[in-house]
Structure formats: C-alpha cells, structure tokens
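The values are calculated or read from the model by the stated rules, or taken from the named source; none is laboratory data. For clarity, every value in this text was computed on a predicted model and none was experimentally measured. Here the Cβ is made from the backbone with ideal geometry for all residues, glycine too, and neighbour counts use every protein chain on show. Heads up: the accessible areas ignore ligands, DNA and RNA and are worked out on the full protein's heavy atoms, side chains in. Shrake-Rupley method; radii C 1.70, N 1.55, O 1.52, S 1.80 Å.
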Amino acid sequence: MKNIKQEYKILITGEGGQGIQTVGKILLRTGILSGWPTSYIPNFGVEQRGGVSLAFVRLKKNNSIDYPKFLTADYLLIACARARRRVIKYLDHQTKIFNFSRSQERPLNMIMLGRLAAELPEEIAKYIPNAIQLILGGKPGMVTNLTTYQKGLNFKNSSIFYDRHLPIKIDRRQEVNRAADKNKEHYIFPWLCKSCGTCLYRCPVKALHWSNKVYSIFNNQPAPEVDIKKCQGCGLCQKSCPERAIRVILS
Amino acid sequence: MTPAFPKSYKISSKPSLFCPGCGHPLVLTSLAETIDQLKIQGKSALSLDIGCSLLAWDFLDIPTFQTHHGRTIPTAIGFKIARPAAMIFAYVGDGGAYAIGLQSLLYAAHRGDPITVIVVNNTIYAMTGGQLSPTTLPQQPTDTMDGISPLQGAELVSRAAPANSFIARASIDDPDGIKKYLLQAIHHQKKNRFSLVEILSVCPINWQTKPSETFAFLEKMKKTFPLGIINRDLRCETGDEK
C-alpha cells in the first residue's frame, strides 16, 4: 500500500530537451486530469546553447497551485550522465534518483516516465496514458510510446538509488556575529549582507568598518564589523540596511 | 538571535533578489512593518510591474501577482473590484507609473479608485541597464542619453485626483517617513479613496556610485521632487466621515 504524500516535487533532466519537456508536460496534464493542482516549468537558461535541459513539476494534494520550481527534488529522473552534475544542488539524501543514463531502451523518456509512475499514487498514475495520448496524439510512434511506458511501469526497484556522495551543504543561516557592552547589543548576520556599504556610510560615528575575517554572501567581499566602543546604539545601521543584516538592541 | 524581520516577511527568500544597496527592499520592509502594525497581512495583496519591482515576487508573505509593464494599476483595480475588503498595493517604478502606465494611473486617480499606488522612483529604467526615464534629472548621465526635463509625477496625479485622495512623497533614507505616509495611504484606502506614495529611491548599480555619492544624488533628487504631503483628506485622519 503506497503512502500518498501531500506533494510530489519531480525534476526531469537530460540532453536534447524536447523529450524531457514532453515528460514535464505529460505530468502536468496528468495532474490536471486527476484533480491535483499541478505546475510545471522548464529551466530557462543556457539549455539552448548545448546545456542540460531541466523540467520542474510540482503536484500538490490541496487546492493551491504553487510556483513550480523547488529547492530540493523528491524524485529525480536522469537521462544522460552530464545531467547528474547539473542538478546536484537540487538533491538531498531523501531524493529518489532514477538514473537511466546507461539504459539502451528507447524512447528513453517513456521508460523513465513509467518507472516514475510506479512511485506515484494510483489516483494520479491512472491518467498518464490519457495524458500521453493528449500530448503526443496524432504523432507517429504513439503505440511505441504507450508500450514503452507500460514497460517502465514494471521495471524492478534496482534502478532507484539515494545519493550518499553529495557535497556538504554549509548552512550559513545560523551565522551571527555579536558585539555587546552594558548598554547595547549589536548583531551582524553575514548570510544576509551584500557588502553594499550603506551601513558604513550612514553610521554617524563611523563605528562600522569592513571585517578582514568575515565574508558576506559574496565569497570575495567582506561583511561589516562594529567597534562597540564607538557605537552609540542609534540603530541607523539596522534601519538603512536593505537586507536587515544588522540588528541593534538596547539593553 | 534572529534578524529584525517583520512578521509579513517571507524569510525563506532572504537575502532578497535585489542588488546590493538597492532602495526597493527598504520600501518593502517599511510596507511590511506597516502591514504588521495594522494587522492586515491576511487581507493584503501586492501587484507588481515589469522591471526591478518584479523582484519582489517572493519578498512578502502576502499574495503577490505581476503583470505587463504599465498595467499594474488596472490589474490592482480589477483585484479590488473582485475583493473590496482587501488592501491592494500597486507597486510600480517610475517608468511603469509615469511613462507606459501614466494613462492608467491618471484615470485611476481621476476616478478615485480605492487603491494604494507605491511608486519607487530611482530616475532610471534599472532592470534593463539604466536608461532614461520620465524622472531623470537634467544632465544626469544614463545609458541612453543625459536627462533633460523630469516629470513631477505625484504633482501631476494630484491635479487629476479628487480632493479626498492622499498623495505624498517620501525617501528611502527616512524609513519612518515612508511608514508614516503608507499608514495614511492605507487609511484612505479603507475609506475607498485613492492614494499614492512616491518614494525616492537609489540604484547604486546603474548609477555606478559609491554610497557617499549615492546619497548625495538622493539629496539632489529631493530638490526636484520635494518631500511631504501633496494632497490629503483631513477627515480621514480625524475619522470624520461625511
């Protein structure tokens, strides 16, 4: 008995592009037919110049359509070896990866779709053949597409894996630099800072200077640092920072 | 310790998509704090334009939609007609308000449509590389040509708007002033009046200025675009209603 999740975030990737986007469109049509609010978007970037094509599909159980791009995929379908490196930032240790880059089956996108459909709940997957006919109907090879899809449904579990070799994601959102004395506390959050220099300029007593230890979000630009003895606690730096990367609390 | 984020911020989208030193996040933060103060997050919506304003698509935790250049205001009016109880903010730049969207803005003001227009004026078309805009100052260098004659948009709109609308101008170097005017603008929208707040903003990336030069230019902008309230209905503040 498959556990039906509230949301399915699917990333399909490969070279060439049309086959990948077709899978995205079929999944979108499937979601709509099954009554699940679904959104899909291709990645708009260097794909047309020989890069890897990406398709983001998002199926949600409750009734609100969400922006189709996501930070981390639940399912990843890979059609070519180069695609794996391209999508590494969308993976975590829970992402189920279906790597078909060495498969000799053709059409490859239909096999991948079939394998994915075995993971989706029946209430969605039963509409996929209808969606294939709607999207690809009238084109030669329709029967081949449908039979290859059926073949993919019956593929064994051995083609899934969970990635154990992901680069370590460093979460900078916990970083905070604190400087305090008995009157005030001054916090700087370098993960929000963009090194614009507005706070340095606006401070009435020039208590802020560029750090030579801490970087902003740009790894070659410094974040500010405060000289707490000069600081008056006026809070102008907090007010003038566009990203709220500074917080001043009076004790 | 967490940053001093307003309640209606969308924390997952921070740091924001705006350039370093941009004025937009300061305007949006002031708007967020005003929404928090009046507790209207549940019924606020934001309407965006093409240009740098669209980078606010995920900035606040309120429903946000974006449309064609210059059509932000008519779309916001449509939203308000469909949801009269909501507070709608039409968030445009100086190009979207005073160039391509000027006709829509003037007629929205003329009809007294109950929306709040927030015009973020940085004197250029920033998203596309810093071209001349209706509010470029004389001899200000831009990507296309030096400025000649700026348009005082808020004053122009106040000629078309009915006497009971609220029109004011603030500046990003005084966020408390922005909040004060946004508060009055929202009070006017609650009374079904038109309101517009133009906010003088900066674009250090396209102006190619360091912070000291950026704020010096902002002071220069204040001479052509004076700050303050241009038009208001005093009855909205006292609470009297005819």
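Quick one: in segment A:102-152, which of the residues that are of a type in the set (S, T, N, Q) and modelled with pLDDT under 90 is surrounded by the most Cβ atoms within 10 Å (Cβ to Cβ)? Per the criteria, the residue is A:Ser103.
For segment B:178-203, the set of residues classified as part of a helix (DSSP H, G or I), touching a helix residue (DSSP H, G or I) at 6+ places or on another chain (Cβ under 8 Å) and under 12 Å from B:Val117 (Cα atoms) consists of B:Leu182, B:Ile186, B:His188, listed by residue number.
Scanning segment B:72-98 for residues that are surrounded by fewer than 18 Cβ atoms within 10 Å (Cβ to Cβ) and farther than 21 Å from B:His188 by Cβ gives no hits.
Here B:Ala185, B:Ala170 are screened, and the one residue that is within 14 Å of another protein chain (Cβ to nearest Cβ) and modelled with pLDDT of 95 or more is B:Ala170. Identify all residues within segment B:59-74 that are more than 16 Å from B:Lys10 (Cα to Cα) and more than 14 Å from every other protein chain (Cβ to nearest Cβ); write none if there are none. Residues satisfying the conditions are B:Thr67, B:His68, B:His69, B:Gly70, B:Arg71, B:Thr72, B:Ile73, B:Pro74.
Which residue is most open to solvent (accessible area, probe 1.4 Å), if the candidates are limited to segment A:76-101 and must be polar (S, T, N, Q) and touching a helix residue (DSSP H, G or I) at 6+ places or on another chain (Cβ under 9 Å)? Checked segment A:76-101; the qualifying residue most open to solvent (accessible area, probe 1.4 Å) is A:Asn99.
Within segment A:182-198, the residues that satisfy the criterion of being under 18 Å from A:Leu250 (Cα atoms) and either touching a helix residue (DSSP H, G or I) at 6+ places or on another chain (Cβ under 8 Å) or buried (at least 19 other Cβ atoms within 10 Å of the Cβ) (or both) are A:His186, A:Tyr187, A:Ile188, A:Phe189.
Highlighted here would be strands (runs of 3 or more DSSP E) found entirely within segment A:195-251 that include at least 3 residues which are of a type in the set (Ser, Thr, Tyr) and within 14 Å of chain B (Cβ to nearest Cβ), but there are none.
Residue-wise test of (1) within 30 Å of B:Leu31 (Cβ to Cβ); (2) not polar (S, T, N, Q).
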{"position": "A:Trp210", "(1), (2)": "no, yes"}
{"position": "A:Asn220", "(1), (2)": "no, no"}
{"position": "A:Val226", "(1), (2)": "yes, yes"}
{"position": "A:Gln232", "(1), (2)": "yes, no"}
{"position": "A:Lys239", "(1), (2)": "yes, yes"}
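Put simply, of B:Ala86, B:Ala4, B:Ala56, B:Ala82 the only residue that is farther than 17 Å from B:Pro134 by Cβ and at the interface with chain A (Cβ under 10 Å from one of its Cβ atoms) is B:Ala4. Is one or more of the residues making up segment A:213-224 without any contact (Cβ under 8 Å) to a residue 12 or more places away in the chain, of a type in the set (Ser, Thr, Tyr) and either under 22 Å from B:Ile172 (Cα atoms) or surrounded by 19 or more Cβ atoms within 10 Å (Cβ to Cβ) (or both)? Within segment A:213-224, not a single residue is without any contact (Cβ under 8 Å) to a residue 12 or more places away in the chain, of a type in the set (Ser, Thr, Tyr) and either under 22 Å from B:Ile172 (Cα atoms) or surrounded by 19 or more Cβ atoms within 10 Å (Cβ to Cβ) (or both). Within segment A:94-116, can one find any residue that is in a loop (DSSP other than H, G, I, E, B), more than 23 Å from A:Gln21 (Cβ to Cβ) and under 20 Å from the mean Cα position of the chain (by Cα)? Yes, segment A:94-116 has at least one match.
Just one of (1) open to solvent by less than 10 Å² (accessible area, probe 1.4 Å); (2) outside any loop (DSSP other than H, G, I, E, B); (3) more than 27 Å from A:Met142 (Cα to Cα); (4) not acidic (Asp, Glu) fails for A:Ala73. It is (2).
Is at least one residue of segment B:150-158 under 17 Å from B:Gly101 (Cα atoms), open to solvent by 50 Å² or more (accessible area, probe 1.4 Å), without any contact (Cβ under 8 Å) to a residue 60 or more places away in the chain and under 19 Å from the mean Cα position of the chain (by Cα)? The answer is yes; a qualifying residue exists. So which residues in segment B:1-45 are among the hydrophobic types (A, V, I, L, M, F, W, C) and either open to solvent by 20 Å² or more (accessible area, probe 1.4 Å) or assigned to a loop (DSSP other than H, G, I, E, B) (or both), if there are any at all? Matches in segment B:1-45: B:Met1, B:Ala4, B:Phe5, B:Ile11, B:Leu17, B:Phe18, B:Cys19, B:Cys22, B:Leu38, B:Ile40.
A single entry from A:Ser34, A:Ser39 fulfils the requirement of being within 30 Å of B:Thr64 (Cβ to Cβ), away from chain B (no Cβ under 14 Å), open to solvent by less than 30 Å² (accessible area, probe 1.4 Å) and over 15 Å from the mean Cα position of the chain (by Cα): A:Ser34.
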